[in-house]
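Just so you know, all these numbers are worked out from the coordinates, no wet-lab data involved. Remember, predicted model here, so these are calculated numbers, not experimental data. Cβ placement follows ideal geometry from the backbone for every residue including glycine, while neighbour counts extend to all protein chains displayed.
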There are 2 protein chains.
Amino acid sequence: MPRDEEDVRQLVERLGVGLRDAGVRVTHQRLEIFREVAKSGGHPDVETVFRGVRKRVPTVSLDTVYRALWLFTDLGLITTLSLPRERLRFDANMKPHHHFVCTKCGMASDFYSEELDHLRLPGSVRDLGVVQKMQVEVRGLCRDCAEGTDPTQRTQRKEEEL
Amino acid sequence: MPRDEEDVRQLVERLGVGLRDAGVRVTHQRLEIFREVAKSGGHPDVETVFRGVRKRVPTVSLDTVYRALWLFTDLGLITTLSLPRERLRFDANMKPHHHFVCTKCGMASDFYSEELDHLRLPGSVRDLGVVQKMQVEVRGLCRDCAEGTDPTQRTQRKEEEL
DNA sequence: CTACATGCAAAGGGTTTGCACGACA
DNA sequence: TGTCGTGCAAACCCTTTGCATGTAG
C-alpha cells in the first residue's frame with residue numbers, strides 16, 4: 001500500500017524538523033532513507049530500504065542506511081516492528097495503530113481502532129511498571145495466503161521487491 | 001519469576017507427548033532444553049537456554065539448542081517473542097497472555113486478562129485476513145528502571161544469568 | 001537394526017565498527 | 001572552516017549447515 005505523494009512530502013519535512021531539533025545534520029542520504037520508509041505504506045526491512053534508496057542515490061552504502069534508521073528510531077521519528085524469523089522492519093507511521101501480521105508470508109498491515117487505542121489494562125500491569133505505549137498484535141493468514149494454499153505450511157517469506 | 005517445580009514437570013511431560021504425537025524422537029537433550037525454557041517463567045534467549053542446559057548436560061551443543069527450539073516452535077509447543085535490537089526469545093507459556101516489555105532493560109513479563117483475551121476487532125481486520133491469535137503488547141518502564149534512573153536513556157540489556 | 005538426532009567445525013549472512021574523505025552548518 | 005556524516009572494507013556475531021558418530025524406537 002504505497003502512501004500518497006503529498007503525505008510523504010509532509011512526513012519528510014517533519015523529519016527534517018526532527019533532525020534539526022535533535023541537533024544532528026539534515027543530509028541528503030538521511031532524507032532519502034526516511035522517504036523510502038515513509039513512501040511504502042508497508043514495513044520495509046533494511047535491505048529493502050537500501051535497494052530503494054540506491055535507485056535515487058546510487059552511492060549510498062548499506063551501513064549508512066543502518067545508522068540512519070537507528071538514529072531515527074532513537075529520536076522517536078520512526079518505530080520498529082520485530083517478527084520472529086524475519087529481519088527487523090521499520091515503520092514511519094507514528095499515529096496510534098495496530099498490526100496484522102501474516103504467519104505465512106510475513107506481510108504486515110496496519111489497522112486502526114479508536115477503541116483499541118484506549119484499552120483499559122488490568123491492575124496487574126500497574127505493578128509491572130509505567131506504561132508508555134500499547135498495541136494490539138494480530139496474527140493470522142492474509143487474504144492471499146488464506147485462499148488456495150495449504151494453511152499448514154509454515155514458510156515465512158519477506159516481501160520481494162526489485 | 002521461576003515457575004513451580006511441579007508445573008515444570010507437567011509441562012515437560014506434555015512436551016514428550018507432543019513430540020511423540022508429531023512422530024519425532026523424545027531425546028534427553030530435547031527434554032532438558034524444553035525444561036530450561038519452561039523453568040524460567042521469563043523469556044530466555046538461545047544463549048541463556050544453552051548455558052542453563054549445559055549445567056545439566058555438559059556435552060550439549062549450541063546448534064542442538066537452536067534445532068530443538070525451532071522444532072518446538074514449528075510444532076506449536078512453545079512460542080517466540082521478538083523484540084527490536086534484542087535476540088529472539090522463547091516462551092513455554094501457551095496459555096492466552098499478554099506482554100509488558102521494558103523499553104530500557106528489555107525485561108518481558110506476561111500478564112493476564114480475560115477481557116483482553118476476547119477483544120472485539122474492528123471490521124477492517126476482516127478484510128486483511130483470517131485471525132489466528134491476538135495479543136496486547138505493552139511497552140513501558142519496569143519498576144526497577146522507572147525509579148532512580150534517567151528514563152531518557154535507551155539502553156537495552158538482556159537478562160544476565162551466570 | 002535403521003533412521004533420526006547430536007556434536008563438531010566450518011560456512012554463511014546480517015550488522016557493526018574504524019578510519020580517511022567529504023559535506024552540512 | 002570545523003565537525004559531523006558517509007563510504008569502504010574489515011571485523012563481529014549469531015545462526016545455519018554438512019558430515020560422521022551416537023542413540024531412540
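What are the residues whose amide H is under 5 Å from the amide H of A:LEU83, where those residues sit 5 or more places off or on another chain and H is modelled from the backbone?
A:ARG89
With a 10 Å cut-off between alpha carbons and a GNM built on chain A, which of A:ARG143, A:ARG120, A:ARG14 moves the most?
With Cα springs under 10 Å in chain A, the top fluctuation among A:ARG143, A:ARG120, A:ARG14 is at A:ARG120.
Can you list the lysines whose alpha carbon is less than 22 Å from that of B:LYS133, not counting same-chain residues fewer than 8 positions off?
Candidates past the 8-residue exclusion: A:LYS104, A:LYS133, A:LYS158, B:LYS95.
Measuring nothing but label to label, 7 Å from Cα along Cα→Cβ, what are B:GLN29's distances to the other copies in nm, shortest first?
Spacings between copies for this position, smallest first, are 4.3 nm.
Summing Lys, Arg as +1 and Asp, Glu as -1, what charge do residues with Cβ under 12 Å from the Cβ of A:ARG30 carry, A:ARG30 excluded? Don't jump to the answer; show the numbers that get you there.
Values: positive: A:ARG20, A:ARG25, A:ARG35, A:ARG67; negative: A:GLU32, A:GLU36.
Net of charged neighbours comes to +2.
Once you charge only the Cβ atoms, +1 for Lys and Arg and -1 for Asp and Glu, what is the size of the charge dipole of region A:1-152 about its Cα centre, to the nearest 20 debye?
Working: 23 positive and 23 negative charges, 108 e Å.
In total the dipole reaches around 520 debye.
If each label sits 7 angstrom from Cα along the C-beta direction, how far apart, in nm, is B:ASP117 from its counterparts in the other copies?
The projected label point of B:ASP117 is separated from its counterparts by 2.9 nm.
Nearest-5 percent of antiparallel DSSP beta bridges in the protein assembly as shown? Write down the numbers at each step before the final one.
On the way: 31 of 39 bridges.
Close to 80 percent.
If I take the rotation axis that carries chain A onto chain B, which residue of chain A has the nearest beta-carbon, and at how many angstrom?
A:SER82, 2
Sort chain B into rounded, prolate or oblate with this rule: let a ≥ b ≥ c be the square roots of the eigenvalues of the Cα gyration tensor; rounded if a/c is under 1.5, and if a/c is not under 1.5, prolate when a/b is larger than b/c, oblate otherwise. Walk me through the intermediate numbers first.
Working: a/c = 1.98, a/b = 1.20, b/c = 1.66.
Cα axes put chain B in the oblate bin.
Excluding residues on the same chain fewer than 8 positions from B:LYS39, give the aspartates and glutamates whose Cα lies under 18 Å from its Cα.
Straight-distance partners of B:LYS39: B:ASP4, B:GLU5, B:GLU6, B:ASP7, B:GLU13, B:GLU47, B:ASP91, B:ASP110, B:GLU159, B:GLU160, B:GLU161.
Taking a label point 7 Å from Cα toward Cβ, how far is B:ARG14 from its twins in the other copies, in nm, shortest first?
The projected label point of B:ARG14 is separated from its counterparts by 4.4 nm.
Can you tell me the FRET efficiency between B:ARG143 and B:MET94 if r is taken as the Cβ-Cβ distance and R0 is 35 Å, rounded to the nearest 0.05? The partial results should precede the final answer.
Numbers: r = 27 Å, r/R0 = 0.76.
Rounded to the nearest 0.05, the efficiency is 0.85.
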